[in-house]
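**Q** What follows is a structure written as structure tokens; I'll ask about it next.
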Amino acid sequence: MESSTVFFEEKGEADMVEKKNIDWSSLGFGYIKTDKRFVANYKDGAWDEGVLTDDDTVRITECAGVLQYAQTCFEGLKAYTTEDGRIVTFRPDLNAQRMHDSCLRLEMPPYPVDKWIDAVVETVRANEAWVAPYGSGATLYIRPYMFGSNAVIGVKPADEYQFRILVTPVGPYFKGGAKPITIRVSDFDRAAPHGTGHIKAGLNYAMSLHAIVDAHKAGFDENLYLDPGTRTRIEETGGANVLLVKKDGTLVVPKSSSILPSITRRSLVYIAENILGMKVEEREVLFQEVRDGEFEECGLCGTAAVISPVGKIYDHGKEYAFPSGMEKMGPVLQKLYDTLTGIQMGRLEAPEGWIKVID
Ligand SMILES: *Cc1c(COP(=O)(O)O)cnc(C)c1O
């Protein structure tokens, strides 16, 4: 395949960026090393200025806090090329704030929110050739993360930290349309009551790995976790929040202190209420409501796929099928999906402050 040169309308020829020679539409969701990454270090109570570097390796002591006691958290967002050729990110201020909150819960020093956003912008700009062209379905996934980097053997927070941002191009989440998936009610919990379910910490994922491998072995796509205290209320899956639609078209989203506050979910709720004029209920949702057939549609939401439709939920020998079926996303979730992706891709007007242009 020939390398394609993309000209941006608003830019002069001097700013022309030659895109990488990648078959964007066949990319998967995997790591590909790009040109630059951001690295900042915390020492003696302060963050240094941070640099962009070519070095994709991390060198730390064998006794680093992250290696011994999993003191680490992360974020995930994307850069897109819009219809008119601009590179943008979506609501990075919310990712910055969420990572700030994750850091506080893990006794880590937050990287200042404004500088966090600047560092994301700088890292994307330095990897502009890796941002997929509009219409390819691919995007640039941005992974900011922080970890305790000095030696810790007695249990306590580290004194030194590293904050890094890597980017990697990822393909369209659904190749050939979003097919509904089947999820199962898990016998494992992903979060403890009053634990760390509401922050984006690696530890929440480490303990979900056995559950997801087990679900896949049993033929299911994902685990649906119920509230760890009573196992009667719907929480979320391992990496996505849950959306439900009632017969009258009301959007219902589970509320709980151990759910990760998804930015996609919060944006969809805003769109439903303020753009589409829908009714929205954010409340505790009993799994019994699914058993009672209260919902027409179900989906999972997060940055990676925006919305994945759920066709069925399996619960200990019983299967609950949503009327929207196993062929395609239900009409209400589809409308929400089209509106949010339209805003992200610059086809629809964005609410104030949602789109951060990288120029
Ligand atoms: C990241 C994540 C989500 C999705 O959040 P977005 O901000 O929408 O990407 C949902 N649940 C969990 C557990 C997560 O880690």
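The values are calculated or read from the model by the stated rules, or taken from the named source; none is laboratory data. What you are looking at is a predicted structure, and each value in this text was computed from that prediction instead of being measured. Methodologically, a virtual Cβ is constructed for each residue, glycine included, from the backbone with ideal geometry; neighbour enumeration extends over all protein chains shown. Side chains included, ligands, DNA and RNA excluded: accessible areas come from the protein's heavy atoms. Shrake-Rupley method; radii C 1.70, N 1.55, O 1.52, S 1.80 Å.
**Q** When the residues of the stretch 204-256 are filtered to those that are over 30 Å from residue 279 (Cα atoms) and in a loop (DSSP other than H, G, I, E, B), which remaining residue is least open to solvent (accessible area, probe 1.4 Å)?
**A** 208
**Q** Scan the stretch 100-131 residue by residue and report those that are more than 14 Å from residue 79 (Cα to Cα) and either in contact with a helix residue (DSSP H, G or I) (Cβ under 7 Å, 6 or more places away or on another chain) or assigned to a loop (DSSP other than H, G, I, E, B) (or both).
**A** 100, 106, 107, 108, 109, 110, 111, 112, 113, 116
**Q** Which of the residues spanning the stretch 283-305 are surrounded by fewer than 23 Cβ atoms within 10 Å (Cβ to Cβ) and within 15 Å of the ligand (Cβ to nearest atom)?
**A** 302, 303, 304, 305 - these are the residues of the stretch 283-305 that are surrounded by fewer than 23 Cβ atoms within 10 Å (Cβ to Cβ) and within 15 Å of the ligand (Cβ to nearest atom).
**Q** Go through the stretch 257-268 and count every residue that is touching a Phe, Trp or Tyr at 6+ places or on another chain (Cβ under 8 Å) and either in a loop (DSSP other than H, G, I, E, B) or within 19 Å of residue 181 (Cβ to Cβ) (or both).
**A** Within the stretch 257-268, residues that are touching a Phe, Trp or Tyr at 6+ places or on another chain (Cβ under 8 Å) and either in a loop (DSSP other than H, G, I, E, B) or within 19 Å of residue 181 (Cβ to Cβ) (or both) number 0.
**Q** Oh, and also: Can you report the number of residues in the stretch 269-323 which are of a type in the set (Lys, Arg) and assigned to a loop (DSSP other than H, G, I, E, B)?
**A** Residues flagged as of a type in the set (Lys, Arg) and assigned to a loop (DSSP other than H, G, I, E, B) within the stretch 269-323 amount to 1.
**Q** Need pairs with beta-carbon distance below 6 Å; first residue more than 16 Å from the ligand (Cβ to nearest atom) and within the stretch 95-121, second hydroxyl-bearing (Ser, Thr, Tyr) and part of a helix (DSSP H, G or I); sequence gap 6+ or separate chains.
**A** Close Cβ pairs satisfying both conditions: none exist.
**Q** Look at residue 334 and say whether it is assigned to a helix (DSSP H, G or I), more than 25 Å from the chain's Cα centre (by Cα) and modelled with pLDDT of 95 or more.
**A** no
**Q** Looking at 111, 173, 141, 145, can you tell me which residue is in contact with a strand residue (DSSP E or B) (Cβ under 8 Å, 6 or more places away or on another chain), among the hydroxyl-bearing types (Ser, Thr, Tyr) and modelled with pLDDT under 95?
**A** After applying the criteria, what remains is 173.
**Q** Just to check your reading of the model, which residue among 167, 245, 185, 252 is away from the ligand (no atom under 14 Å from the Cβ) and farther than 25 Å from residue 322 by Cβ?
**A** Step by step, each of 167, 245, 185, 252 is checked, and only 167 is away from the ligand (no atom under 14 Å from the Cβ) and farther than 25 Å from residue 322 by Cβ.
**Q** Out of all the residues in the stretch 149-189, which are open to solvent by 50 Å² or more (accessible area, probe 1.4 Å) and in a strand (DSSP E or B)?
**A** Residue satisfying the conditions is 151 alone.
**Q** Tell me, which residue of the stretch 257-282 that is within 16 Å of the ligand (Cβ to nearest atom), without any contact (Cβ under 8 Å) to a residue 40 or more places away in the chain and open to solvent by less than 50 Å² (accessible area, probe 1.4 Å) is nearest to residue 100 (Cα to Cα)?
**A** So, considering only residues that are within 16 Å of the ligand (Cβ to nearest atom), without any contact (Cβ under 8 Å) to a residue 40 or more places away in the chain and open to solvent by less than 50 Å² (accessible area, probe 1.4 Å), the one nearest to residue 100 (Cα to Cα) is 265.
**Q** Go through 285, 280 for me and flag whichever is hydrophobic (A, V, I, L, M, F, W, C) and within 14 Å of residue 332 (Cα to Cα).
**A** Matching residue, one of 285, 280: 280.
**Q** Still on this structure, please answer the following. Restricting attention to the stretch 317-333, which residues are open to solvent by 20 Å² or more (accessible area, probe 1.4 Å) and either touching a helix residue (DSSP H, G or I) at 6+ places or on another chain (Cβ under 7 Å) or within 13 Å of residue 183 (Cβ to Cβ) (or both)?
**A** 319, 320, 321, 326
**Q** Checking the conditions here, which among 139, 53, 57 is surrounded by 18 or more Cβ atoms within 10 Å (Cβ to Cβ) and of a type in the set (S, T, N, Q)?
**A** Answer to the check: 139.
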